[in-house]
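Read-outs throughout are calculated quantities, based only on the coordinates presented, and are distinct from any laboratory measurement. Being a predicted model, the structure only gives us computed values, none of them experimental. FYI the Cβ positions are ideal-geometry reconstructions off the backbone, even for glycines, and counts take in every protein chain you see.
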Amino acid sequence: MAKHEHVRVAVIGSGFGGLGAAVRLRREGITDFVVLERADSVGGTWRDNSYPGCACDVPSHLYSFSFAPNPDWPRTFSGQRHIRAYLEHVTDTFGLRPHLRLSHEVLRTRWDGDALRWEIETSKGSFSADVVVSATGPLSDPKIPDVPGLDGFPGKVFHSARWDHDYDLTGKRVAMIGTGASAIQIVPAIQPTVGRLTLFQRTPPWVMRRMDRRITGAERWLHRTLPFTSTARRGLLWGIRELQVSAFTKQPAVLGLIENLAKANLAKSIKDPALRAKLTPSYRFGCKRILLSGEYYPALAQPNVDVVASGLREVRGSTVVAADGTETEVDAIIFGTGFHVTDMPIADRVVGAEGLTLAETWKDGMESLRGATAAGFPNWMTIIGPNTGLGNSSMILMIESQLNYLADYMRQLTVLGGRVALAARPSAVGAWNRKVQSRMERTVWKSGGCDSWYLDANGRNTTLWPGTTGEFRRETRQVDLAEYEIIRPKAAPVTAESTPRDTEAVA
Ligand code: NAP
């Protein structure tokens, strides 16, 4: 008979969000929980993205948990290998292994309104949980564009987040599709190895140098010996980024001043005026994610690299054809084409109180209350939910704010006592989103003249937070019960007639 386990909380995903939730639950004294992970190890996006050159463009001391500082970061900007090792270390240090259910892919989860719990079907058995914390992350499901003829391509094809390390690129003719944060790290890493590299650039990114350097032994010794120096370093990195926020959210014109620095960076590396023109963006700095690399432009200037300033339109046999008609014969195609962010696949697998999936509920755009809960999905919380992303700072700060909210949510359930669920009121969700969207109008992401993965199919920015991380921290410090409906189980029928569900209004 298939195994069934009931837990207080089921966390989905074991990246920064899922592991952070697990640590926080334990700190709240909750040990009756599992972390359901579809892969065979922890790490989330930092496990899946192992492409050559993969690194973080947020400084190491800020891109880590405040409760798990690492005095031994080897570089100011960490590589994927070190971040992944850090997450393994967090898993061990905080005793999370017994909670992990690896190779358990969540196939479907459904709210049972009678039992007031989530029924969860995974690839390795079923679970039920009073509360689900969905920490699947927005950068977990690779997106490959629907390119005519791709199926008939005789060579090698893979996505940046599913790198095939067994495929030797030495001497190969490679098409790299896309010029996002992943591609600009891949290009300089593979350019010296490949025979010919053709970069398909639909939109040129703004690129600044990344001030990466080795962290000296003396610095590490200082951080180990006097931990407050590590905290101070983090505080400084955080403060600088907080000061930048209003340029993105209120005064995008200020960002125009930095465009000159970025253009100078381009001119320094690219001497050929025709190539420089191709690589010069025509939208406001910051509208798309700002990319940091000191190696990208120099790699593009190498004789074995061609930049096709056009998207990939089709594939004919071993020939890749750009939208401008350029044809190139290649041995391999690497897609650096991003992820399903505003259409995350997990949303199709979650069925809420009204019998609708999260994807159906979000058909006109993702919406949540304080980036966490959604109307119609009681006791369901998303880590890095709608409008919690950042354009310039560390997502770990946002995750930790959401963990505060999760901790208070769990406390509220305990105080209410018995079998109980909280359901975000549609009016509260609506009010929160109106506020977020009205602030979005002035941001560079909306007004900067670009298209980006921050925007959904309707042109709404449902991914980024239009404020400082400090503001989000204050907004998520506590659960405001007035924003929720308290749901208790139906009372046992005393007559043949059924009684309506007892829903308490606390507002
Ligand atoms: P991305 O930013 O979504 O970039 C996708 C790229 O693919 C864009 O340049 C897009 O062009 C291009 N594209 C899509 N379809 C195409 C087509 N048919 N032909 C040519 N180009 C096409 O994806 P990503 O680079 O994987 O990065 C996603 C996010 O991951 C980043 O924004 C960042 O948040 C995160 N990331 C972070 C780091 C880090 O250092 N912390 C590193 C890697 C990734 P358009 O611009 O024209 O749409």
- [ ] Quick one: check the C-alpha center-to-center distance for the stretch 267-317 versus the stretch 401-441, whole angstrom.
- [x] 43 Å
Task: Listed peptides 26-33, 94-101 by packing density, highest first (mean Cβ within 10 Å) - done: 94-101, 26-33
Task: Ascending count of other beta-carbon atoms within 10 Å, so fewest first, for Val133, Val9 - done: Val9, Val133
Open item on the list: Under a Cβ-only charge scheme (Lys and Arg +1, Asp and Glu -1), can you give me the dipole magnitude of the chain about the Cα centre, in debye to the nearest 20?
Closed with: 1620 debye
Open item on the list: Please list, in order along the stretch 155-165, the HN-Hα scalar couplings obtained from phi with the Karplus expression 6.51 cos²θ - 1.76 cosθ + 1.60 (θ = phi - 60°), rounded to whole Hz, x for Gly and Pro.
Closed with: x, 8, 10, 7, 9, 4, 8, 9, 4, 9, 6
Task: Arg97 paired with Ile240, simple spin-label distance in nm, labels 7 Å along Cα-to-beta-carbon - done: 3.8 nm
Task: Helix 16-27 axis, angle to the chain major axis (alpha carbon atoms, nearest 10°) - done: 30 degrees
Task: Extreme residue, positive dipole direction of the stretch 348-430, given options Ile383, Gln412, Ile399 (C-beta unit charges) - done: Gln412
- [ ] Could you pull out every residue, at least 5 positions away or on a different chain, whose amide H is within less than 5 Å of the one on His6? Hs are placed 1.01 Å off N in the peptide plane, and Pro or chain starts have none.
- [x] Ser128
Task: Gyration tensor verdict on the stretch 193-289 (Cα atoms; rounded if a/c is under 1.5, prolate if a/b is larger than b/c, oblate otherwise) - done: oblate
Open item on the list: Using a 10 Å cut-off around each Cβ, can you sort Ile240, Ile290 from fewest to most neighbouring Cβ atoms?
Closed with: Ile240, Ile290
Task: For Thr373, Thr122, order by how many other beta-carbon atoms lie within 10 Å, fewest first - done: Thr122, Thr373
TODO: Using DSSP, restrict attention to beta bridges with both residues in the chain and report what percent are antiparallel, rounded to the nearest 5.
DONE: 45 percent
Task: Whole-number D in µm² s⁻¹ for the stretch 94-143, Kirkwood Cα-pair radius fed into Stokes-Einstein, 4 °C, 1.567 mPa s - done: 103 µm²/s
- [ ] Mind pulling the angle between the C-alpha long axis of helix 426-440 and the longest principal axis of the chain? Nearest 10 degrees, somewhere in 0 to 90.
- [x] 20 degrees
Task: Listed residue (Leu100, Leu87, Pro74) projecting farthest to the positive dipole end of the stretch 50-140, Cβ model - done: Pro74
Open item on the list: Which of the three applies to the stretch 1-157, rounded, prolate or oblate, going by the alpha-carbon gyration tensor with a ≥ b ≥ c and a/c under 1.5 meaning rounded?
Closed with: oblate
TODO: Rounding to the nearest 20 debye, state how big the charge dipole of the stretch 59-198 is about its Cα centre with +1 on each Lys and Arg Cβ and -1 on each Asp and Glu Cβ.
DONE: 520 debye
Open item on the list: Could you derive backbone 3J(HN,Hα) for the stretch 191-196 from the dihedral phi with the Karplus parameters 6.51, -1.76 and 1.60 (θ = phi - 60°), listing whole Hz in sequence and x where the residue is Gly or Pro?
Closed with: 3, x, 8, 6, x, 9
Open item on the list: Using the Cα centre of the chain as origin and beta-carbon charges of +1 (Lys, Arg) and -1 (Asp, Glu), tell me which of Asn49, Val436, Ser60 is placed farthest towards the positive end of the dipole.
Closed with: Ser60
Task: Neighbourhood charge, 13 Å Cβ-Cβ cut-off, centred on Ser269 and excluding it, Lys, Arg +1 and Asp, Glu -1 - done: +3
Task: Extent along principal axes [Cα atoms of the stretch 96-236; Å; largest to smallest] - done: 61, 58, 30
Open item on the list: Need one word for the stretch 318-417: rounded, prolate or oblate. Basis is the Cα gyration tensor (sqrt eigenvalues a ≥ b ≥ c); a/c below 1.5 gives rounded, then a/b vs b/c decides.
Closed with: prolate
TODO: Over 30 Å between C-alpha atoms is what I'm after, so list which of Lys3/Lys143; Lys143/Lys446; Lys263/Lys446; Lys172/Lys278 land there.
DONE: Lys3/Lys143
Task: Karplus-derived HN-Hα couplings along the stretch 401-416 (A = 6.51, B = -1.76, C = 1.60, θ = phi - 60°), whole Hz, x at Gly and Pro - done: 5, 5, 5, 4, 5, 4, 4, 5, 4, 5, 5, 4, 4, 5, 5, 5
Open item on the list: Please report Rg (one decimal) and Dmax (integer) in Å for the Cα set of the stretch 411-491.
Closed with: 16.9, 56
Task: Cysteines not pairable in the chain (beta carbon separation under 4.7 Å absent) - done: Cys54, Cys56
Task: Rg(Cα)/(2.2 N^0.38 Å) for the stretch 233-343, N = residue count - done: 1.36
TODO: Starting from the Cα gyration tensor of the chain, multiply each eigenvalue by 5, take the square root, and state the resulting semi-axes largest first in whole Å.
DONE: 41, 26, 23
- [ ] Per DSSP H run of at least 4 residues, take -39500 (n - 2.57); add these up for the chain, divide by its residues and hand me the 222 nm value, nearest 500 deg cm²/dmol.
- [x] -9000 deg cm²/dmol
TODO: Note the full-extension length gain between Met211 and Leu416 as 0.36 nm times their separation in residues minus their Cα-Cα distance, in nm to one decimal.
DONE: 68.8 nm
